[in-house]
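Novice: If you scroll down you'll find the structure; I have some questions about it.
The values are calculated or read from the model by the stated rules, or taken from the named source; none is laboratory data. Nothing here was measured: the structure is a model prediction, and the numbers come from that model. Using ideal geometry, Cβ is built from the backbone for each residue, glycine included, and neighbour counts are taken over all protein chains shown.
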Amino acid sequence: MLRIAVVSVKPGVGKTTTGVFLCKSLHELGFDPLLADADKGASGMGWMEDAGGLDFPVVGQSITTLHRALPDLEAGRGAIVVDAPQLEDHEAIGRSALVYADVWLFPMAPAGIEVRRTMLKLRAKLDEARDLREQLGRPRNPLVELVLLTRTNRAYATKTGPDAEYRDALTKRDYRVMKSVVAFNDDLYRQAYGNQVDTTGTTYPEVTKELIEEWERVHP
């Protein structure tokens, strides 16, 4: 069972887009995923309703007991993806998502403000989630923790420029950054909201395969 929490400190980094496109890519790989929309804004639920249904179910789960409720939804599924709310505003829900998941995925945009807020806030929030996992008898650390660079300047990992500088800054602070990136492209992503999801031309299939490879590498 692949349990993924898509988490960010702040809004506007493509978290819901990542959750939806990740589920579509998992569906295409035969994982039969479910998207748990734990965000107070209910963007995932709205997307499904406006699209008249998606290839995978979306359920509203904006609760602080996700780690207790989500196991009941796992039957027959190969994956559950949690679209968690931003940690700076809805910490308890986000922490519960982190307790539940074996894979923590952090979408982040390469900009100075992102670096600052990530460095100052994310680490502390993750440590609080680790403490709670331990208290509940779960392993302190998830199996996988990955940063996904979104809204990047290029559709590939660059060796120079702001994308590379951000990657380097995160790596130096012991964050693992995915090789796959999601380039800034409103036509492919922002304009996709409320429509059927088409991964053609996006890097989300590549992102999904890299994530699965990381999970399989360490999965007991």
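Novice: Test L170 against the stated conditions and say whether it is at pLDDT below 90 and either of a type in the set (G, A, S) or farther than 30 Å from M48 by Cβ (or both).
Specialist: Numbers: at pLDDT below 90: yes; either of a type in the set (G, A, S) or farther than 30 Å from M48 by Cβ (or both): yes.
So L170 passes the test.
Novice: Which of the residues belonging to segment 38-59 are outside any helix (DSSP H, G or I) and more than 13 Å from A97 (Cα to Cα)?
Specialist: If the condition is that a residue be outside any helix (DSSP H, G or I) and more than 13 Å from A97 (Cα to Cα), then K40, G41, A42, G52, G53, L54, D55, F56, P57, V58, V59 are the ones that fit.
Novice: Limited to segment 168-220, what total is found for residues that are touching a residue at least 12 places away in the same chain (Cβ under 8 Å), polar (S, T, N, Q) and more than 18 Å from R151 (Cα to Cα)?
Specialist: 2
Let's see how each residue does on (1) of a type in the set (D, E); (2) crowded, with 24+ Cβ neighbours inside 10 Å:
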site: V6; (1), (2): no, yes
site: G30; (1), (2): no, no
site: K40; (1), (2): no, no
site: D50; (1), (2): yes, no
site: G53; (1), (2): no, no
site: V59; (1), (2): no, no
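Novice: While we're looking at this one, here's another question. When you scan segment 26-51, how many residues do you find that are over 18 Å from the mean Cα position of the chain (by Cα), modelled with pLDDT under 95 and at positive phi?
Specialist: The total comes to 0.
Novice: Looking at the structure I just gave you, is A75 of a type in the set (G, A, S), within 28 Å of L136 (Cα to Cα) and not in a helix (DSSP H, G or I)? Spell out the reasoning first.
Specialist: Details: of a type in the set (G, A, S): yes; within 28 Å of L136 (Cα to Cα): yes; not in a helix (DSSP H, G or I): yes.
Here the answer is yes, as A75 does meet what is asked.
Novice: Turning to a different aspect of this structure: Which of the residues spanning segment 187-197 are surrounded by fewer than 17 Cβ atoms within 10 Å (Cβ to Cβ) and touching a helix residue (DSSP H, G or I) at 6+ places or on another chain (Cβ under 9 Å)?
Specialist: In the first step, residues of segment 187-197 are kept if they are surrounded by fewer than 17 Cβ atoms within 10 Å (Cβ to Cβ); the result is 187, 190-191, 193-196.
Those that are surrounded by fewer than 17 Cβ atoms within 10 Å (Cβ to Cβ) and touching a helix residue (DSSP H, G or I) at 6+ places or on another chain (Cβ under 9 Å): R190, Y193, G194, N195, Q196.
Novice: Answer yes or no: is there a residue in segment 137-155 that is assigned to a loop (DSSP other than H, G, I, E, B), in contact with a Phe, Trp or Tyr (Cβ under 6 Å, 6 or more places away or on another chain) and either of a type outside the set (F, W, Y) or more than 21 Å from S8 (Cβ to Cβ) (or both).
Specialist: Quick first cut of segment 137-155, residues assigned to a loop (DSSP other than H, G, I, E, B) only: 137-143, 153-155.
Next, only the ones that are in contact with a Phe, Trp or Tyr (Cβ under 6 Å, 6 or more places away or on another chain) stay: 142.
Now narrow it down to the ones that are either of a type outside the set (F, W, Y) or more than 21 Å from S8 (Cβ to Cβ) (or both): 142.
Yes: segment 137-155 contains one or more residues that are assigned to a loop (DSSP other than H, G, I, E, B), in contact with a Phe, Trp or Tyr (Cβ under 6 Å, 6 or more places away or on another chain) and either of a type outside the set (F, W, Y) or more than 21 Å from S8 (Cβ to Cβ) (or both).
Novice: From the list V218, V181, exactly one residue is touching a Phe, Trp or Tyr at 6+ places or on another chain (Cβ under 7 Å) and of a type in the set (A, V, I, L, M, F, W, C). Which is it?
Specialist: V181
Novice: Checking T200 against (1) closer than 23 Å to T158 by Cα; (2) in a helix (DSSP H, G or I); (3) over 17 Å from the mean Cα position of the chain (by Cα), which test does it fail?
Specialist: (2)
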